[in-house]
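The values are calculated or read from the model by the stated rules, or taken from the named source; none is laboratory data. These numbers were taken from a predicted model, which means no experiment stands behind them. All Cβ positions, glycine included, derive from the backbone under ideal geometry; neighbour counts span all protein chains shown.
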Amino acid sequence: MSDDGDFNLDELDDPKGRADKDDGGGEPETTHVPDRPRSASDLEAVYDIPVQVSAVLGKSHMQVNQLLKLGRGAVVELDRKVGEAIDIYVNNRLVARGEVVVVEERLGVTMTEIIKTDRS
């Protein structure tokens, strides 16, 4: 197994998280991959890791000279329609879609769809 955290496919297929590798020089090397967390308490080690959450209402493209002409009260047209789902990103990765809500005079987001992506 390489030092950068990559796993061979036979290591991932082993239900016990171990794979025996034979380097041709005698005894096979055994590598242990820890079990996945089973409950919320197993994830406590990652609770304090900060993440950046962004809710994108829409996007607009304009030239710099148009941007410089914008002033207070200017309206920038976005590429989304009223009521259309917004994109929710965590650490610049699209993870969900949702709706804008008002919570005690503040804007919030309700997730309506979780986006599953293949990690390759």
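What to note about this one:
Listed here are the residues, each with its yes/no results for (1) on the phi > 0 side of the Ramachandran plot; (2) surrounded by fewer than 10 Cβ atoms within 10 Å (Cβ to Cβ).
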{"position": "I49", "(1), (2)": "no, yes"}
{"position": "L68", "(1), (2)": "no, yes"}
{"position": "G73", "(1), (2)": "yes, yes"}
{"position": "N92", "(1), (2)": "yes, yes"}
{"position": "V95", "(1), (2)": "no, no"}
{"position": "G98", "(1), (2)": "no, no"}
{"position": "V109", "(1), (2)": "no, no"}
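- Any hit, the range 67-85, residues being part of a strand (DSSP E or B) and touching a residue at least 24 places away in the same chain (Cβ under 8 Å): no
- The residue list R80, R106, R72, R97 contains one member that is of a type outside the set (D, E) and either touching a Ser or Thr at 6+ places or on another chain (Cβ under 9 Å) or modelled with pLDDT under 80 (or both), which is R97.
- Within the range 94-110, the set of residues being assigned to a strand (DSSP E or B), more than 16 Å from G58 (Cβ to Cβ) and over 14 Å from the mean Cα position of the chain (by Cα) comprises V101, V102, V103, R106, G108, T110.
- Cβ pairs under 8 Å, 6+ apart, first in the range 31-52 and under 27 Å from N92 (Cβ atoms) and at pLDDT 85 or above, second loosely packed, with under 10 Cβ neighbours inside 10 Å and polar (S, T, N, Q): Q52/N92
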